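A.B. asks: Please read through the structure below; I'll follow up with questions.
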Amino acid sequence: MSSLTRSGEYKVDKIEIRSSTGITEINFETTVLQIEVIENLFSNSLFAEFLIKDNDNLISNMHFIGQEFIILKLSTPSLEDSPIIEKVFSVLNVTNRADLSVGTQAYMLNCASPELLRSHRTRVVSSYTDSISNIVKKVVREDTTLINSKKKLVVEKTSGVRKFVAPNLRPFDFVRNLTRESISGIKRSPHYLFYESLRGYNFLTLDTLYEQEVAEELEVGDESMIEGDIKVDYESDYKRLLHMQLDNTPDTLVSARGGLLGSNLIKYNIFNKNYEKTVYNYFNNFNDHSRINDNPIYNKVPIDEQNKTLGDFPNSRLHLHPTSKSDGKDARYNDPYVDNHAEDWLLSRRSRMMELKMGQSLTLTVHGRPEMTVGDTIQVTIPVTGKTHGESEEDANTGKYLIRNLRHSFFPVPNSHIINMSVTADSSNKEFKNVGKGIEPKLPKGKLVELSLGGGT
């Protein structure tokens with residue numbers, strides 16, 4: 001391990017622009033003002049932003065026309081076994097051009113993974129008869145006429161054999177559609193996501209993400225002290241929260257309308273003209289699949305005089321799903337294919353995806369390290385307001401979180417790598433104390449006033 005002078009330091013090994021007119025090596029310290037690398041759990045591509053200070057008329061000499069590639073190689077030599085970030089980005093466009101002085105201008109190079117452009121240039125015109133996980137592998141890696149990615153691809157095996165027809169769909173759009181139809185062969189979970197992280201592409205369930213080991217433990221703490229030229233306990237700085245903000249508390253109105261708390265599925269048979277109903281209740285179905293923590297984020301207390309809870313209103317969200325079963329077979333999924341059994345997964349998937357977007361959420365800022373990436377889980381320890389660091393009592397927001405989106409920011413002056421991330425939890429580390437009911441307080445009953453046609457009462 002080399003000596004560390006400051007947490008978050010890094011080394012730029014290469015920034016190279018390749019265009020149809022040639023190859024240019026960029027001097028990071030004099031030409032680049034900032035680099036942003038963006039990961040998102042709901043995105044099938046990495047994005048990057050390069051803020052350039054151009055003293056050499058680079059923008060004209062390179063003829064930026066959207067056919068350029070940027071090769072970026074970064075490392076953190078002070079951290080033992082820290083991975084190297086080495087990525088290729090396609091330049092999408094140039095924005096925010098401004099003159100800084102005579103002969104000097106600044107602008108932003110907006111970039112994405114090359115696979116995103118490949119997806120927008122091609123179409124899937126094919127039928128597949130296979131497991132969905134195998135179809136994903138074919139579309140993303142194996143079919144050289146489609147995405148043809150060489151990056152690492154992690155695929156959670158799906159159950160059953162299905163038949164799909166892709167009529168002129170973009171490859172990534174097709175894969176995103178497949179996530180909605182997939183059932184894990186390992187965990188029987190329907191909560192699939194397809195996203196790109198710094199490690200590569202991932203076709204995984206929320207259950208797998210929630211069950212993984214915590215990648216980092218973060219807490220509110222004090223900055224390490226400096227004694228002479230030696231930093232004391234510098235590694236603890238990487239576990240220290242530089243900034244924390246509580247973003248979302250559950251929105252009951254949106255949750256009710258969207259079916260997070262309760263919903264109803266009507267599966268109607270267009271062949272036999274009959275239907276089946278399936279009801280989803282947040283509390284009754286809470287433990288059907290893996291959770292990141294142990295307890296619901298809503299309280300299971302009666303909210304009306306009928307002793308109904310928040311989950312006892314399935315008609316707040318209604319789903320209609322057509323089938324065409326006859327004699328025990330589905331016209332769309334004949335042997336050896338199987339019915340997708342929407343009653344087993346559709347309502348649950350809808351609720352869990354809403355939890356991921358709207359659950360208990362924090363925005364965190366920490367010293368950057370390349371091994372921290374979207375899709376990881378972290379443990380966040382927050383002391384109760386008024387308590388000092390080191391005291392045992394913890395805030396209710398303490399617990400395990402999933403990194404939902406993440407932004408790596410690299411600054412040449414001072415040399416620093418900062419991570420801003422949004423993390424979310426579908427459950428709480430603490431159990432509610434049920435000491436009463438959540439029934440609406442009643443004010444004095446108002447009078448009924450009826451107006452006659454003549455305007456009197």
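The values are calculated or read from the model by the stated rules, or taken from the named source; none is laboratory data. Here the structure is a predicted model, which is why all the values come from computation and not from measurement. All Cβ positions, glycine included, derive from the backbone under ideal geometry; neighbour counts span all protein chains shown.
A.B. asks: Of all residues in the stretch 34-49, count the ones that are assigned to a loop (DSSP other than H, G, I, E, B) and surrounded by 16 or more Cβ atoms within 10 Å (Cβ to Cβ).
C.D. replies: Residues in the stretch 34-49 being assigned to a loop (DSSP other than H, G, I, E, B) and surrounded by 16 or more Cβ atoms within 10 Å (Cβ to Cβ): 5 in total.
A.B. asks: Tell me, yes or no, whether the stretch 115-124 has at least one residue that is hydrophobic (A, V, I, L, M, F, W, C) and within 30 Å of residue 424 (Cβ to Cβ).
C.D. replies: Scanning the stretch 115-124, I find at least one residue that is hydrophobic (A, V, I, L, M, F, W, C) and within 30 Å of residue 424 (Cβ to Cβ), so the answer is yes.
A.B. asks: Which of the residues belonging to the stretch 383-403 are of a type in the set (Val, Ile, Thr) and either at pLDDT 95 or above or surrounded by fewer than 18 Cβ atoms within 10 Å (Cβ to Cβ) (or both)?
C.D. replies: 384, 385, 388, 403 - these are the residues of the stretch 383-403 that are of a type in the set (Val, Ile, Thr) and either at pLDDT 95 or above or surrounded by fewer than 18 Cβ atoms within 10 Å (Cβ to Cβ) (or both).
A.B. asks: Has the stretch 236-257 got at least one residue that is touching a residue at least 60 places away in the same chain (Cβ under 8 Å), in contact with a His (Cβ under 8 Å, 6 or more places away or on another chain), of a type outside the set (Ser, Thr, Tyr) and not in a loop (DSSP other than H, G, I, E, B)?
C.D. replies: Yes: one or more hits.
A.B. asks: Consider the stretch 7-32. How many of its residues are within 29 Å of the chain's Cα centre (by Cα) and crowded, with 16+ Cβ neighbours inside 10 Å?
C.D. replies: Matching residues across the stretch 7-32 total 7.
A.B. asks: Across the stretch 263-289, what is the total count of residues that are touching a helix residue (DSSP H, G or I) at 6+ places or on another chain (Cβ under 8 Å), under 30 Å from residue 379 (Cβ atoms) and surrounded by fewer than 18 Cβ atoms within 10 Å (Cβ to Cβ)?
C.D. replies: 2
A.B. asks: I need the full set of residues from the stretch 164-176 which are in contact with a strand residue (DSSP E or B) (Cβ under 7 Å, 6 or more places away or on another chain) and surrounded by 15 or more Cβ atoms within 10 Å (Cβ to Cβ), in order please.
C.D. replies: Within the stretch 164-176, 164, 166, 169, 171, 174, 175, 176 meet the criteria.
A.B. asks: Can you name every one of the strands (runs of 3 or more DSSP E) wholly within the stretch 50-162 that holds 1 or more residues which are surrounded by 14 or more Cβ atoms within 10 Å (Cβ to Cβ) and of a type in the set (S, T, N, Q)? Write out each step before concluding.
C.D. replies: On the way: elements: 69-75, 85-101, 104-112, 124-130, 153-155.
In the stretch 50-162, 69-75, 85-101, 104-112, 124-130 are the strands (runs of 3 or more DSSP E) which contain 1 or more residues that are surrounded by 14 or more Cβ atoms within 10 Å (Cβ to Cβ) and of a type in the set (S, T, N, Q).
A.B. asks: Would you mind listing the strands (runs of 3 or more DSSP E) fully within the stretch 277-382 where at least 3 residues are at pLDDT 90 or above and closer than 30 Å to residue 236 by Cβ?
C.D. replies: By residue number, 360-367, 377-381.
A.B. asks: Looking only at the stretch 100-117, count how many residues are at pLDDT 85 or above and over 22 Å from the mean Cα position of the chain (by Cα).
C.D. replies: The number of residues fulfilling the criteria is 6.
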